[in-house]
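Here the structure is laid out as structure tokens; the discussion comes afterwards.
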Amino acid sequence: MTDYEVATAFLGEWGHFQQQVFFLLCLTVIPNGFNGMFIVFVADTPPHRCVIPANVNLTAAWRNHSIPLELDRNSGALVPSKCSRYRLGDVLSLSGRGFLPGVDVNMSKVPTESCLDGWEYDQSVYISTIITEWDLVCDDRWKNPLTSSIFFCGVLTGSFVSGQLSDRYGRKIVLFVTMAVQTVFTFIMVFAPSWPVFCALFFIVGMGQISNYVAAFVLGSEILSPKVRTIYSTAGVSLFFAAGYMFLPLLAYFLRDWRMLLLGLTLPGFLYVPLWWFIPESPRWLLSRGRVEEAEAIVRDAAKKNKIQPPPSSLVLCSVCYSEGSAAPQKELQCETSKALNICDLLRSPNIRWISLTLWLVWNTLTIAYFSLSLNTANLHGNAYFNCFVSALVEIPAYTLSWVMFRWWSRRLSLSSTLFMGGVFLLLVQLMPSNLVYLSITLEMMGKCAVTTAFTIVYAYTAELYPTVLRNTALGACSMASRIGSIIAPYFIYLRSYSVSLPYILMGSITVASGLLSLLLPESYGMPLPDTISHMQHFPVMGPCKQRE
């Protein structure tokens, strides 16, 4: 089988067609940057305390001492309780009798009760969040991390469904359908009347979010030439994702009501409708489905845009499918394209099985570390908006570094080294003294930078390891397997309520272990994209003979 890239080399590397595909597909990734992270502000928990009804006849002294003090696990200082108050009936009695709190009365002897009249929230940072609107605190605080986990359950479902749909019905149609799903359901969330409805809609947004990203990633990887593909799959889509991520705290700073924030984030999605007429389908995918004429039409249109005279079709695309003197490979291609391959084929033979299992573990670790660190920005010392912006900003050098490493260095060593270093930085965070807050934040951001670099590399690395007939399904499956990590990532942050160091110890340990595990993956640097399963690189512990068994 003649290589597709050789057959279409006459188009050049960076003509008008490639530039159009590159930038338009990158633009479709921008909403993923803020749709996946707006929960940082929408579900942040501001300082709160029990409400003492205004109509209760208390003296000023007793009203100021109606909330018991408790030890804060993070700062070690005594702070007003968030979930209890002194029993209101007893306080009324003591106030009416003229006793003074702490002088005439030992406050440790006064019984307490829960916040029977609700909570009052500090509005210095947020006008409202879903936490303040539906009182997701104290006994209901478990709903906060569950909200993010439900979103990632949607991402899991989208990863499972969209990859196979994309390989069966096309990259382009799935890209635009999932963009529409993401935009429309985010808009409907603005009118959510309750927390369960909000979560149900957020689940669907998660389905569209990952499906959109994976479809755009694969579509660009299959259309663009090898050198441009490397830039696109590392720095390209990732920098535009970071642009969306950086846009989030800027908009959230001015729109501090959660409904208005979601409305502001929804509007850009409607601007993507005209791109349908400018983004083509993947000629590689069309060829894998036997739709040679449609693929040829796209390549000829590309040649026209690049002002190049294409060779005859028999030398351009028909040669990709019917190479002279290569009957056996052609028979193999027909065998693989005549049937609809699915996720089960990722485990069918020993070689692809071991590659898949290793990648699933690595992806799982990366999602735990990346999303835990991203969701943790609201808990860091200082301004939540600035911390989120810095968290997004550190991704810029991470994506640039990923492109440099992917362009000139071994794929396997690039992934392993960045994973390992990310884990080391996270393990160092918990060793910092409590008074060196900014040093701890710096180490956390360096860990985020390393993990982001690894995350970018593993996307492009995975796309290179799998063949055309399974590439989108494989990326979707890796993303799907990794969602176990993203689903539990919010609960890593929840562990802060028991120990501030525990999340960093767990994240650092598994990230270092995954860095070592990734050394088992085959090398793909300088190799052409495989088109069939038998063209895949061998897992190092397996020789070619075992692969054929």
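The values are calculated or read from the model by the stated rules, or taken from the named source; none is laboratory data. All figures in this text were calculated on a predicted structure; none of them were measured in a lab. Don't worry about glycine lacking a Cβ; one is built from the backbone with ideal geometry, like all the others, and counts go over all protein chains shown. Ligands, DNA and RNA are stripped out before the accessible areas are found, and what is left, the full protein with its side chains, is counted by its heavy atoms. Shrake-Rupley method; radii C 1.70, N 1.55, O 1.52, S 1.80 Å.
Among the residues of the range 390-410, those that are surrounded by fewer than 24 Cβ atoms within 10 Å (Cβ to Cβ) and over 16 Å from the mean Cα position of the chain (by Cα) comprise Val390, Pro397, Thr400, Leu401, Trp403, Val404, Met405, Arg407, Trp408, Trp409, Ser410. Number of residues in the range 387-446 that are touching a residue at least 40 places away in the same chain (Cβ under 8 Å), farther than 22 Å from Gly515 by Cβ and not in a helix (DSSP H, G or I) equals 1.
Considering the range 8-19, the residues that are open to solvent by 30 Å² or more (accessible area, probe 1.4 Å) and part of a helix (DSSP H, G or I) include one that is modelled with the lowest pLDDT, namely Ala9.
Out of the residues in the range 76-100 that are open to solvent by less than 50 Å² (accessible area, probe 1.4 Å) and of a type in the set (S, T, N, Q), state the one that is farthest from Glu120 (Cα to Cα). Only one residue fits best here, namely Ser95.
Rundown of residues vs (1) open to solvent by less than 10 Å² (accessible area, probe 1.4 Å); (2) modelled with pLDDT under 75, yes/no style:
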| position | (1), (2) |
| --- | --- |
| Tyr491 | no, no |
| Ser497 | no, yes |
| Pro503 | yes, no |
| Leu516 | no, no |
| Met527 | no, yes |
| His535 | no, yes |
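Identification of helices (runs of 4 or more DSSP H) wholly contained in the range 20-116 with 1 or more residues that are in contact with a helix residue (DSSP H, G or I) (Cβ under 7 Å, 6 or more places away or on another chain) and free of Cβ contacts under 8 Å to residues at least 60 places away in the same chain yields 60-64, 88-96.
Would it be correct to say that Ser356 is at pLDDT below 85, in contact with a Phe, Trp or Tyr (Cβ under 6 Å, 6 or more places away or on another chain) and among the hydroxyl-bearing types (Ser, Thr, Tyr)? Reasoning before the result, please.
Numbers: at pLDDT below 85: yes; in contact with a Phe, Trp or Tyr (Cβ under 6 Å, 6 or more places away or on another chain): no; among the hydroxyl-bearing types (Ser, Thr, Tyr): yes.
When the stated conditions are applied, Ser356 does not pass them.
Here's the yes/no breakdown for (1) closer than 27 Å to Leu346 by Cβ; (2) over 21 Å from the mean Cα position of the chain (by Cα); (3) at pLDDT below 85; (4) surrounded by 24 or more Cβ atoms within 10 Å (Cβ to Cβ):
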| position | (1), (2), (3), (4) |
| --- | --- |
| Leu419 | yes, no, no, yes |
| Leu431 | no, yes, yes, no |
| Tyr438 | no, yes, yes, no |
| Ser482 | yes, no, yes, yes |
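From the list Val451, Val469, the lone residue that is closer than 19 Å to Ser148 by Cβ, touching a helix residue (DSSP H, G or I) at 6+ places or on another chain (Cβ under 6 Å) and either without any contact (Cβ under 8 Å) to a residue 40 or more places away in the chain or assigned to a helix (DSSP H, G or I) (or both) is Val451.
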